[in-house]
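The values are calculated or read from the model by the stated rules, or taken from the named source; none is laboratory data. From a predicted model like this one, the values you see are computed outputs, not experimental measurements. Cβ atoms come from the backbone with ideal geometry, glycine included; neighbour counts cover every protein chain shown. We work out accessible area using only protein heavy atoms, side chains counted, and drop any ligands, DNA or RNA first. Shrake-Rupley method; radii C 1.70, N 1.55, O 1.52, S 1.80 Å.
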Amino acid sequence: MTDVPRLHLIGPLGVVKPVEFLGIATRCASAGCGAIHLRMRDLSGGDALRMARSLRRELSGHPGTRVIVNDRIDVALLAMADGVQLGERSFEVEDARQLLGERRLVGRSVHDVDGAKRAEEQRASYLIAGHIYDTPSKEGEPGRGLDWLAEITTAVEIPVVAIGGITVERLPQVFTAGAHGVAIGRELLLADDPHATTTRLARTIEQEIDDA
Amino acid sequence: MSVAAESEVRQRLFCYLVTDPRIDSLERLTSIVSAAIDGGVTAVQLRAKGWKDRVALDAAQRLRRICCERDVLFLINDRVDIALACGANGVHLGVDDLPVAVARELLGPDAVIGYSPEAEEDRQAAIAAGASYLGIGPVFGTQTKADAGPALGLPAFRRTLDRVALPCIGIGGIDQANARGVLEAGAAGVAVVSAILFADDPRAAAQELVEAMQ
């Protein structure tokens, strides 16, 4: 399962403008970010395709960084993305898998053990589980915590990527709970220096894996 | 079912039902569409904007089955991935959606790809990119689509069709009373929403529409 990235950037989430996001994504990629997720629920199909193709182009110098498109399998295929990220509103994993084939990543965002098991049965490549800590993007919904994360990572064998309020300082405990990697949105999108923050995250993740 | 031949597409566009995402009970939707096909509808387009993708795909799979059994053309609005996943005959695209040429790339040469242009240059570009037919409108005033723009009226509609070599359907405010004029202006068929979808008896409404056009 080494081909599932450890560090995922999620954007633009309405936190930054699409064009700014392209710049941030490129800086994160050059510092070792393994996957860039395009979450563009409010974009039309045409705009979403333009955005995904621009990102693919911007990242052409970083072949190690995967492009993951949220929900839109047609956009993912046309932009030659490396995979899709699905949620509770999206296609079922098995339907997406049928369209995307075996070589692309199909990630599923989950919020409970049952969902995690179901996604694994349907042959998801990995899960994104959260949110772990309190985060401004989920105001009023307390984080599910590390014990919850450990329950998910114990329940499935596929890689689990933790999301929600993750910072460099919190990486050790997240990996101790069994996470394969982490997904980060606003902490990277709003970082003064996304390249430096990514470098710190990537280094710490490497240490955690070596220690394990 | 391959329906790429232009003459066959033209025939199937004759009485074209477009669904409304506000009818979001799948039981109700499938029963209306079945009744409309009983009444003579020849094409169905699923519009599921705002729905969860998985619900849209579920609806698409059910409607595709119904349409396939009855030899009715079945298209998905906007979403090429849903069309691929359910095995629809094709898609109907607007100017903000995926471009016609890339949809064709994914769906293949036999797919039916409809397009709703907004300007003259959109029309020509879509034809060059491989659209199968065009939806031209709004022919009359419509309440269904708030952003549809001012009505063309029949004379302008006819002039537009004269400049287009592809099969065209009229859309926007078409009902049993005015459908014949749309055909006489040169359309291959009429697209309706409310005139069938919101009728008390969708089967009778479709039948009346077909009779009015024959």
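For the stretch A:95-149, name all the residues that are within 14 Å of chain B (Cβ to nearest Cβ) and among the basic types (K, R).
Listed by number, the residues that qualify are A:R97, A:R104, A:R108, A:R118.
In the stretch A:78-94, what residues are facing chain B (nearest Cβ under 10 Å) and surrounded by fewer than 18 Cβ atoms within 10 Å (Cβ to Cβ)?
Passing the criteria: A:E88, A:R89.
Looking only at residues in the stretch A:120-148 that are within 20 Å of A:G101 (Cα to Cα) and free of Cβ contacts under 8 Å to residues at least 40 places away in the same chain, which one is most open to solvent (accessible area, probe 1.4 Å)?
A:E121
I'd like to verify a number: residues in the stretch B:108-142 that are more than 25 Å from B:V192 (Cβ to Cβ) and either within 16 Å of the chain's Cα centre (by Cα) or within 14 Å of another protein chain (Cβ to nearest Cβ) (or both), how many?
3
Which one is farthest from B:V102 (Cα to Cα) among residues in the stretch A:58-77 that are facing chain B (nearest Cβ under 7 Å) and either charged (D, E, K, R) or open to solvent by less than 10 Å² (accessible area, probe 1.4 Å) (or both)?
Applying the filter and picking the extreme gives A:D71.
Quick one: in the stretch B:92-107, of everything that is more than 9 Å from every other protein chain (Cβ to nearest Cβ) and more than 15 Å from the chain's Cα centre (by Cα), which residue is farthest from A:G46 (Cα to Cα)?
Checked the stretch B:92-107; the qualifying residue farthest from A:G46 (Cα to Cα) is B:L107.
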